[in-house]
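See structure below.
Every number in this text was worked out from the coordinates using simple rules, so none of it is lab data. Keep in mind it's a predicted model, so treat the numbers as computed, not measured. We place every Cβ from the backbone using ideal geometry, glycine too, and count neighbours over all the protein chains shown.
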Amino acid sequence: MQTIFSISTRGPGLRGFTDEVRAFVAGAGREEGLLTLFAQHTSCSLLVQENADPDVRGDLQAFFRRLAPHADDPSMHWVKHRTEGPDDMPAHIRAAVLPTSLSIPIIGGKPALGAWQGVYLFEHRDEPQVRRVVAHLA
């Protein structure tokens with residue numbers, strides 16, 4: 001069973017879509033299996049992350065802004081790819097060090113997420129985007 005999630009973002013940050021994932025799995029009617037999620041983009045990532053305290057998401061975003069600041073930051077003078085703006089190459093760097101796919105076991109007809117885990121798309125670009133995440137349940 002497959003579907004494609006269309007996820008609208010409002011700029012950088014983590015956008016949760018755990019409820020959509022749970023609904024897809026519930027609709028599949030499978031008690032056991034493996035859910036694979038795959039982002040069809042090179043400037044966003046997928047994460048399983050803390051779902052209770054929003055400070056975690058903010059701290060992660062701040063960390064990755066420090067790790068790969070905009071290309072117009074003096075520390076990024078070496079960046080050559082600037083065609084799509086100063087946020088583009090840093091977005092590719094962040095996506096290169098973070099996962100763009102996830103595997104989540106299905107147990108008892110539900111994603112086997114821990115009590116404090118949620119599924120997130122981590123947007124790395126400044127402008128709002130519509131991202132596609134392919135879901136495959138085997």
Query raised in the report: Whole-Hz Karplus ³J(HN,Hα) for the stretch 33-40, in order, using 6.51 cos²θ - 1.76 cosθ + 1.60 and θ = phi - 60°, x for Gly and Pro?
Result: x, 9, 9, 10, 10, 9, 7, 8
Query raised in the report: What angle do you read, to the nearest 10 degrees and between 0 and 90, between the alpha-carbon axis of helix 88-97 and the longest principal axis of the chain?
Result: 50
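In debye, nearest 20, what is the charge dipole magnitude of the chain about its Cα centre with +1 on Lys and Arg Cβ and -1 on Asp and Glu Cβ, if you could check?
Numbers: 14 positive and 16 negative charges, 52 e Å.
That gives the chain a dipole magnitude of about 240 debye.
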Requested in this report: Only one of the values (1) 24, 18, 15; (2) 52, 22, 12; (3) 30, 15, 11 was calculated from this structure for semi-axes √(5λ) of the Cα gyration tensor in Å; name its label.
Outcome: (3)
Report summary line: A correct Stokes-Einstein calculation for the stretch 1-82, using the alpha-carbon Kirkwood radius, 4 °C and 1.567 mPa s, returns a whole-number D in µm² s⁻¹ of 83
Report summary line: Applied in sequence order to the stretch 2-16, the curve 6.51 cos²θ - 1.76 cosθ + 1.60 (Karplus, θ = phi - 60°) yields integer Hz couplings, x standing for Gly and Pro, of 9, 7, 10, 7, 9, 10, 8, 10, 10, x, x, x, 9, 10, x
Query raised in the report: Residue farthest toward the positive end of the dipole of the chain, with Cβ of Lys/Arg at +1 and Asp/Glu at -1: which of Ala39, Ala115, Gly85?
Result: Ala39
**Report entry** Relative contact order, percent, the chain [alpha-carbon distance under 8 Å, six or more residues apart]
**Finding:** 54
Query raised in the report: Taking θ as phi - 60°, what are the ³J(HN,Hα) couplings along the stretch 43-60 by the Karplus curve (6.51, -1.76, 1.60), each to the nearest whole Hz, with x for Gly and Pro?
Result: 9, 8, 9, 10, 9, 9, 8, 3, 10, 9, 9, x, 4, 4, 5, x, 5, 4
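Order the peptides 73-81, 18-26 from the highest to the lowest mean number of other Cβ atoms within 10 Å of their residues.
Values: 73-81: 10.9, 18-26: 15.8.
Ranked from most to least packed, the peptides come out as 18-26, 73-81.
Contour minus end-to-end for Lys80 and Ala96, with contour as 0.36 nm per residue of separation and end-to-end as the Cα-Cα distance? Don't skip to the answer; put the middle values down first.
Details: separation 16, 0.36 × 16 = 5.76 nm, distance 1.66 nm.
Result for the pair: 4.1 nm of gain on full extension.
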